[in-house]
Amino acid sequence: MTRVAVVGCGAWGRNLVRTCAELGVLGAVVDTEADAAQSQAEAWNVPALPQAQALDDSSLDAMVIATPAPTHAALCRLALDHGKDVFVEKPLASSLAEAEALAADAARSDRVFMVGHLLRHHPAFEALAAIVARGEIGALRYIGASRLSLGRVRTHENAFLSLAPHDVSMILALADAAPVSVEATGRAFVTPGVADEVHADLGFSGGLHAHVAASWLSPVKEQKLVVVGETGALVFDDVRPWPEKLMRREQAVTLTSAGPIASGSEPRFVDLTAEPPLTREIRHFIQCCQTRDTPMTGIDEGVRVQRVLERVEVQLLHDLDRLRS
């Protein structure tokens, strides 16, 4: 039986603690705030350990890391150095150089390493990706992603780095390629130099285009992925209830002597298995730890996402510097 230590008992860390406990693999919790760790330890009847003790504990096979992004690379490296399998929440690292160095360390360690790109494990996205893979909506034309809400304003990472890695991961999976062009613009309204709203455009060879909007200042919550093909479209809307999370519509444009004419069927919802994506994600990680298979969102996939994040970051810094000058 794989036993894991969850490092980080903040808002999302508590979800990971609960999920690991429900799956029967929680062995310990770790947090620099003793009260936070003790609260979770008592709730789930596991020890609250100092980080060094958890690393040295040979009965703990893996570490699930849910700490602030700037700490990810160092904690992952420590876990690898102590022979632990690693699950780390997004973003993988604070920079591409950090991510690539960590990937080299992971390759040398021969440990299982997984990045928490949660929505790749969402039943709605899995169904959407299967429909696309079967060619049921034809060749992809464009993908639109929006990750908008009010709150969780951060000062150590911009809105794109904080909110959009899930969307970038989904887009790269659907495109099955890296973008050949990345353009981004953003604005910093709260903390100087930290963009609170960001728009990024990704161009792929063959003409596929994707755009991503991320903001933590939006009065409306929106978590949506729109995929448009030649003969149909799919909408994954995670704000809607389970029966309505994935919508499908057959649609096409016909060229006639009078000009292009668009037509489409009535939208319909796709039946889904209602299971929390976090449960599916952590179950997948544990299975990989046991079989030694490479996770679907392994560190190589994490580095591919990080490359896009870095290109967006460079564009944002240039954009914000231009506005200040």
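The values are calculated or read from the model by the stated rules, or taken from the named source; none is laboratory data. For clarity, every value in this text was computed on a predicted model and none was experimentally measured. For accessibility, only protein heavy atoms count, side chains too; no ligands or nucleic acids. Shrake-Rupley method; radii C 1.70, N 1.55, O 1.52, S 1.80 Å.
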Looking at the square roots a ≥ b ≥ c of the eigenvalues of the Cα gyration tensor of the range 1-74, which shape do they give, rounded for a/c under 1.5, prolate if a/b is larger than b/c, or oblate?
rounded
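Report relative contact order for the chain in percent, whole number only (criteria: Cα-Cα under 8 Å, sequence separation at least 6).
After rounding, I find 18 percent.
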Straight-line reach from Lys224: which aspartates and glutamates have Cα under 17 Å away, leaving out those fewer than 8 places along the same chain?
Glu126, Asp167, Glu197, Asp201, Asp237, Asp238, Glu244
Taking Cα atoms only, helix 96-109 is inclined relative to the longest principal axis of the chain by an angle, in degrees rounded to 10, of 60
Which shape class applies to the range 166-247: rounded if a/c is under 1.5, otherwise prolate when a/b exceeds b/c and oblate if not, where a ≥ b ≥ c are the square roots of the Cα gyration tensor eigenvalues?
oblate
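Counting alpha carbon pairs within less than 8 Å and at least 6 residues apart, what relative contact order, in whole percent, applies to the range 152-280?
15
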Going by accessible area, probe 1.4 Å, with all protein chains left in place, what is the ranking of Val253, Val305, Val226, largest first?
Val253, Val226, Val305
Average the reciprocal distances over every distinct pair of alpha-carbons in the chain, invert the result, and give the Kirkwood radius in Å.
20.9
Can you pull the percent of the chain's accessible area that's carbon plus sulfur, 1.4 Å probe, other chains left in place?
52
If you plug each phi of the range 213-226 into the Karplus form 6.51 cos²θ - 1.76 cosθ + 1.60 with θ = phi - 60°, what whole-Hz ³J(HN,Hα) values come out, in order, with x for Gly and Pro?
10, 9, 7, 10, 10, 7, x, 10, 7, 9, 9, 9, 10, 10
Per residue, in Å², the accessible surface of the chain once ligands and nucleic acids are set aside, probe 1.4 Å
45
Sequence-distant residues sharing a close amide H with Glu222 (under 5 Å, placed H)
Leu148, Ser149
State, as an integer percentage, the relative contact order of the range 1-148 based on alpha-carbon contacts under 8 Å between residues 6 or more apart.
18
Helix-derived [θ] at 222 nm for the chain: sum -39500 (n - 2.57) over DSSP H runs of at least 4, divide by residue count, nearest 500?
-11500 deg cm²/dmol
For the range 225-300, using Cα atoms only, the Rg and Dmax in Å read 18.7, 61
Taking a ≥ b ≥ c as the square roots of the Cα gyration tensor eigenvalues, with a/c under 1.5 meaning rounded and otherwise prolate when a/b beats b/c, else oblate, which class fits the range 1-130?
oblate
Determine ³J(HN,Hα), in whole Hz, for all residues of the range 16-23 in sequence, where each value follows from phi through the Karplus function 6.51 cos²θ - 1.76 cosθ + 1.60 and θ = phi - 60°; x replaces Gly and Pro.
5, 4, 4, 5, 4, 5, 5, 7
Whole Å is fine, so just give me how far the alpha carbon centre of the range 258-275 lies from that of the range 108-184.
22
